[in-house]
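**Student:** First, the structure itself, so that you have it in front of you.
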Amino acid sequence: PEIIEQYPDLTQPLVQVTELDKSRFLAAGMESGLDRTRASLKIQDGCDYKCTYCIIWEARGPSRCLPVADLQAQLRALVEDEGFHEVVLTGINIGQYRDTDGTDLAGLLSALLDVSGPARLRLTSLDPLEVDDALIK
């Protein structure tokens, strides 16, 4: 109650979700921290669904994605510089991946395969409803 009393005008939200901070993504994706065989590459955050049982859409905001070119550079660094043989593409719901130019998850995977070399790409947090023919192919 003491904290809420500090904000007399509660018509404005106390927390606002803004665009992704690319530097945070880059730092999180590039630091391995431990001797591991696989790295994580965060491609997306937030969610556009408003499921009644889930707080993600309120806490993380709408789906936001990093550009393909940035992700290619990060993947190249993880595979070539760090020596990872497997990279996990992560996010809240990576099936909602859309770059500003309209590239979807299938298009992103195609672009990432061009730079991954022998490294394996693994997908996480993928809603089955967002798996389409292009992604399967």
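The values are calculated or read from the model by the stated rules, or taken from the named source; none is laboratory data. Here the structure is a predicted model, which means the values were calculated and not measured. A quick note on method: Cβ atoms are made from the backbone with ideal geometry, for glycine too, and the neighbour counts reach across all protein chains shown. Accessible surface areas use protein heavy atoms only, side chains included; no ligands, DNA or RNA. Shrake-Rupley method; radii C 1.70, N 1.55, O 1.52, S 1.80 Å.
**Student:** If you scan the range 88-118, which residues turn out to be open to solvent by 40 Å² or more (accessible area, probe 1.4 Å), more than 15 Å from Q72 (Cα to Cα) and small (G, A, S)?
**Tutor:** Residue satisfying the conditions is G102 alone.
**Student:** Which pairs turn up if I take residues in the range 88-110 that are touching a residue at least 60 places away in the same chain (Cβ under 8 Å) and look for partners that are not acidic (D, E) with beta carbon separation below 9 Å, at least 6 apart in sequence or on another chain?
**Tutor:** L108/I43; L108/C65; L108/V68; L108/L71; L108/L89; L108/I94; L108/Y97
**Student:** Which one is modelled with the lowest pLDDT, of the residues in the range 29-80 that are assigned to a loop (DSSP other than H, G, I, E, B) and among the polar types (S, T, N, Q)? It would help to see each step written out before you state the result.
**Tutor:** Residues of the range 29-80 that are assigned to a loop (DSSP other than H, G, I, E, B), as a first pass: 31-37, 43, 46-55, 60-63, 66-67.
If we keep only those that are among the polar types (S, T, N, Q) too, we end up with 32, 37, 52, 63.
Working: S32: 47, T37: 80, T52: 88, S63: 88.
Among them, the one singled out is S32.
**Student:** Filter the range 117-129 down to residues that are over 25 Å from G46 (Cβ atoms) and touching a helix residue (DSSP H, G or I) at 6+ places or on another chain (Cβ under 9 Å), then give me how many there are.
**Tutor:** Summing the residues that are over 25 Å from G46 (Cβ atoms) and touching a helix residue (DSSP H, G or I) at 6+ places or on another chain (Cβ under 9 Å) in the range 117-129 gives 3.
Here is a yes/no grid of residues against (1) small (G, A, S); (2) within 14 Å of the chain's Cα centre (by Cα); (3) under 19 Å from T37 (Cα atoms):
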position: S63; (1), (2), (3): yes, yes, no
position: L71; (1), (2), (3): no, yes, no
position: F84; (1), (2), (3): no, no, yes
position: I94; (1), (2), (3): no, yes, no
position: Y97; (1), (2), (3): no, yes, no
position: A111; (1), (2), (3): yes, no, no
position: D132; (1), (2), (3): no, no, no
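**Student:** So, one more: Looking at L121, L66, L75, which is the one that is touching a residue at least 24 places away in the same chain (Cβ under 8 Å), crowded, with 21+ Cβ neighbours inside 10 Å and out of contact with any Ser or Thr (no Cβ under 8 Å at 6 or more places or on another chain)?
**Tutor:** Numbers: L121 fails: crowded, with 21+ Cβ neighbours inside 10 Å; L75 fails: out of contact with any Ser or Thr (no Cβ under 8 Å at 6 or more places or on another chain).
Sole residue among the options that is touching a residue at least 24 places away in the same chain (Cβ under 8 Å), crowded, with 21+ Cβ neighbours inside 10 Å and out of contact with any Ser or Thr (no Cβ under 8 Å at 6 or more places or on another chain): L66.
**Student:** Please determine, by comparing only the residues of the range 62-87 that are among the small types (G, A, S) and out of contact with any Asp or Glu (no Cβ under 8 Å at 6 or more places or on another chain), which one is farthest from P118 (Cα to Cα).
**Tutor:** Looking at residues that are among the small types (G, A, S) and out of contact with any Asp or Glu (no Cβ under 8 Å at 6 or more places or on another chain), I get A69.
**Student:** Taking the conditions exactly as written (at pLDDT below 90 and surrounded by fewer than 10 Cβ atoms within 10 Å (Cβ to Cβ)), does E5 satisfy them or not?
**Tutor:** yes
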